[in-house]
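The values are calculated or read from the model by the stated rules, or taken from the named source; none is laboratory data. Since this is a predicted model, take the numbers as computed values, not measurements. Cβ placement follows ideal geometry from the backbone for every residue including glycine, while neighbour counts extend to all protein chains displayed. Please note that ligands, DNA and RNA were not included when accessible areas were found on the heavy atoms of the full protein model with its side chains. Shrake-Rupley method; radii C 1.70, N 1.55, O 1.52, S 1.80 Å.
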Amino acid sequence: MKLDLLVLAAHPDDAELGCAGTIAKHVALGYKVGIVDFTQGELGTRGTIQTREKEAAEAAAIQGVVVRENLKFRDGFFQNDETHQLKVIQSIRKYQPDIVLANAVSDRHSDHGKGASLAFDACFLSGLVKIETRDEQGNAQKPWRPDTIYHYIQSVMIQPDFIVDISDYWDIKLKAIKAFKTQFFDASSDEPETYISKPGFLKMIESRAIEFGHAINTQYGEGYTVRRLPGVKSLFDLL
Ligand SMILES: [Zn+2]
């Protein structure tokens, strides 16, 4: 199945926090969007692999993505090395996305920067014909290089290179984030409080979306950084 947009994420919930509004918007525009999570988030203080899996599936349905897979890399310890690059290349070649969205280039959690580098390197290597990979049925895969890769912004504030207007999709983003019931603020939970389960965390996510929206004269926005300068077809493509 060919996708238009593939989101690569170190942990289940990274996609929701970083780019759920952009995902929902592009689904509404008719694009096929999928998510490939690298790990099951098994080192998270709250919840379990099973609850995280259920929550990820629910969040995927809320955003309207057509596929969500998990590569089951080791949370906290996966590396940007050949073994992991080949697995990500298999996913890129399987879904042949035109655009890839990936983790923040650097962040509080070291998996995010690692995930960004892994995604970036895999996107390039995936286009090299002499790197041979096989699909789940054992068939040789064709090389595929996405046109471009953009990095969403996570916990640590990074100055974006461009912002997507997600004003009509903020409600979906919040619902998708809250699908991860074990991870974020829940007054009835008796699990230990964490950095992301404090009520202020979701306020920060909303405040940032408002700040990014304000910067482009809309209500809510999601920011991205680029490694290759983006171009526009005409000046009228800019808001
Ligand atoms: Zn994460």
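One table, with the values for the structure above:
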| quantity | calculated |
| --- | --- |
| For the chain: relative contact order, % (alpha-carbon pairs under 8 angstrom, 6 or more apart) | 23 |
| S207 accessible area, assembled protein chains, probe 1.4 Å, Å² | 70 |
| Antiparallel %, DSSP beta bridges [both residues in the chain], to 5 | 30 |
| Cα gyration tensor shape of the chain, rounded if a/c is under 1.5, else prolate or oblate by comparing a/b with b/c | oblate |
| Amide H contacts of D161 (H built 1.01 Å from N, under 5 Å, at least 5 apart or other chain) | Y224, T225, V226 |
| Helix-only CD estimate at 222 nm, as mean residue ellipticity for the chain, using -39500 (n - 2.57) per DSSP H run (n ≥ 4) | -11500 deg cm²/dmol |
| By average C-beta atoms within 10 angstrom, highest first, the peptides 223-235, 142-154 | 142-154, 223-235 |
| Accessible area of region 105-239 divided out per residue, in Å², using a probe of 1.4 angstrom | 61 |
| Relative contact order %, region 1-106, counting alpha carbon pairs below 8 Å whose residues are six or more apart | 41 |
| Greater than 29 Å apart at Cα, pairs in K25/K54; K142/K178; K142/K181 | K142/K178; K142/K181 |
| The chain, accessible surface, carbon-and-sulfur percent (1.4 angstrom probe) | 54 |
